[in-house]
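Bear in mind these aren't lab numbers, they're just calculated from the coordinates by the rules spelled out. Keep in mind that what you see is a predicted model, and the values were worked out from it rather than measured. No Cβ is skipped: glycine too gets one built from the backbone with ideal geometry, and neighbour counts run over all protein chains shown.
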Amino acid sequence: MGELITAYDEKYMAYRRDESRMEGAFESISFPEKEEEAAEILRLCTEKNVPVTMQGARTGICGAAVPAGGHVLCTEKMNKVLKVSEEDGAAYLTAQPGLRISEIREALGREGIRGYRLACAPTEETAAIGGAYACNAKGPGGLLHGDIGDSVCGIRFLSPDGRAFSIRRGEYLFDGDGITLPGGTRAALVDLPEKAWFTKGPFGLYRGMDLIDALAGSEGTLGFVTELRLRLEPEAAERWGVLFFFPEEEELLQFLEGILPLRETGFEDGGNAKIAAVEFYHRTALLLIDEARGQIEALRRVPDFPVGADCALYVELEAADDASDALGELLMRFEEAGGTEEFTWAGTGSQEMEKFVSMRHAVPEAVNTRVDRNRLAAPEICKIGCDLQAPVQKLREVLAMYEKGLADTGIPGVIFGHIAEAHLHVNLLPENTETFGKAVDLADSWAEKVCSMGGTAAAENGVGKRKRILFLTHTDPQRIRNAQKLKKAMDPMNLLGPGNLYPGSHREETDN
Ligand SMILES: Cc1cc2nc3c(=O)[nH]c(=O)nc-3n(C[C@H](O)[C@H](O)[C@H](O)COP(=O)(O)OP(=O)(O)OC[C@H]3O[C@@H](n4cnc5c(N)ncnc54)[C@H](O)[C@@H]3O)c2cc1C
């Protein structure tokens, strides 16, 4: 199929997998360096009716980059920085999709632009920027800075037949009954709702939505992104991370409820300091980290947890000038709630804060290590990752539901994540076929409950192949129909991202 495309060979085994530990298959692979090459590859695939799975760095944990036959279009050689500029108090970086998140800092330094960062980046910094956008990743800083999609102000993308389109935020918006796409095709949709609180991707379409936000989270099913223009945030003058340990969860929840209003009101004497991240470590997460010490190199930076600590809350502060008063207020509130110095770790500056990053990153990493171990005895099982998000006032209810579910079933599980948004990651780690079946049912019952509260079944980490059934089962059918119509308009032969997101096998809906 042309020089750009190579037939599958064993040396490409790694491209059959991602961090979900799923394994797929494919017949051919390509590594374009430029948009024109990618366009030619897509044209050839469309001509021969070959499905295409796009790949970033394959760090996704839902199998979205795992190929389901056909061709693998890999972005690892499309990793160049195309432009860096500073305008109106922000820096902009235009890059090819294969650029790693960790390479952004380096690129800015090289160009002599300092003091900016991609504040919403996921904790997995080896992820490629195109992959992160395509599954709309977000990191702990998402509380203040939003998700990757929010930082994207322009993209270039290719349609399956290789046509290139360049769009900027604000240029292509959905109206009540659809959108006129770049190139002139009309995607006719039905009764788009007003904006909801979870809003990205083809299943979250609403009136006034930007096409850039519909492509964020589209997981390689609507087009191949060849360029992204990202808005970077100025570095805060001061950042503090504080990890508060608690002997009991109830104390943590009360402390949390006390500090959450500060996100709106600000600190009493804290100037412009803001809460940038609030992350929860349930006792199951602290235990998992302890278990993983010795296996995960980065955990060497993380001291032993205080004796008697049951759970922990990480709070990050950012200030354009001085955060010390805000920090003082937080520490005082902790003391008033019975907290002690031994139960507080505080740090500032990138080196000191590295331990917090290592700790946060270690949880999904340790989960994967445990899953690998379990799969040695039972290869048919996998992790069940729940990224459910409930309305924030339901936090206590959902946390109690997760804990009861784990206790009642005895399934090992780990709870951590974005507690300020009632968006907790609950990873179920079944050990055999029987508990795997129970874990699937448990996740399903939780998703049903959270969605009945007005929440969503997939708030982060993508949907891919792993969470597809769970996600679709609990998504409004009208949203699914509109997503399918948009897909049909953008990928009429249904070749892109086989097996991701949508109902049916990748070919079933082409005839609808
Ligand atoms: C230890 C660990 C920690 C993690 N922490 C986080 C976290 O904090 N937050 C979070 O959200 N996720 C997290 N993840 C999951 C994952 O790292 C992110 O979702 C990441 O953004 C995926 O990027 P990637 O380049 O690896 O994409 P891939 O896994 O390669 O691909 C993801 C999707 O993007 C599509 N895609 C890739 N490139 C393109 C393109 N150019 N055009 C169109 N579609 C494309 C693929 O087809 C696929 O559907 C974590 C994973 C691990 C292993």
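The table below gives the values:
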item: Local electrostatic count at Glu342 - Lys and Arg +1, Asp and Glu -1, tallied over other residues with Cβ under 13 Å; result: -3
item: P(r) weight above 26 Å for segment 81-234, C-alpha pairs, percent; result: 25 percent
item: Positive minus negative residues near Leu173 (Lys, Arg vs Asp, Glu; Cβ under 9 Å); result: -2
item: Ranked list, fewest to most other Cβ atoms within 10 Å of each Cβ, for Phe267, Phe246; result: Phe267, Phe246
item: Average projection area in nm² (convex hull over Cα atoms of segment 379-501, one quarter of hull surface); result: 8.3 nm²
item: Cβ-defined net charge surrounding Gly162, 14 Å radius [Lys, Arg +1; Asp, Glu -1]; result: -2
item: Of Lys404/Lys467; Lys138/Lys394; Lys195/Lys449; Lys11/Lys488; Lys195/Lys487; Lys394/Lys467, those spanning more than 25 Å from alpha-carbon to alpha-carbon; result: Lys11/Lys488
item: Potential lengthening between Asn49 and Thr265 on full extension [0.36 nm per residue; Cα-Cα distance subtracted]; result: 72.1 nm
item: Footprinting exposure proxy for Arg43, Arg207 (fewest neighbouring C-beta atoms within 10 Å first); result: Arg207, Arg43
item: Segment 378-461: relative contact order in percent, alpha carbon pairs under 8 Å with at least 6 residues between; result: 45 percent
item: Pairwise centroid distance, computed over Cα atoms, of segment 433-512 with segment 286-344, Å; result: 37 Å
item: Spatial extent of segment 270-350: Rg and Dmax, with the Cα atoms as the point set, Å; result: 14.4, 42
item: Spin-label pair Gln295/Ser452, simplified geometry with 7 Å Cα→Cβ offset, distance in nm; result: 3.6 nm
item: Cross-link partners of Lys80 among lysines (Cα-Cα below 18 Å; sequence separation of 8 or more within a chain); result: Lys34
item: Kirkwood Rh in Å, taken over the chain so that all alpha-carbon pairs contribute; result: 23.6 Å
item: Computed over segment 194-314, Kirkwood Rh from alpha-carbon pairs, angstrom; result: 18.7 Å
item: Stokes-Einstein D in µm²/s, Kirkwood radius over Cα pairs - segment 452-495 at 10 °C with 1.306 mPa s viscosity; result: 135 µm²/s
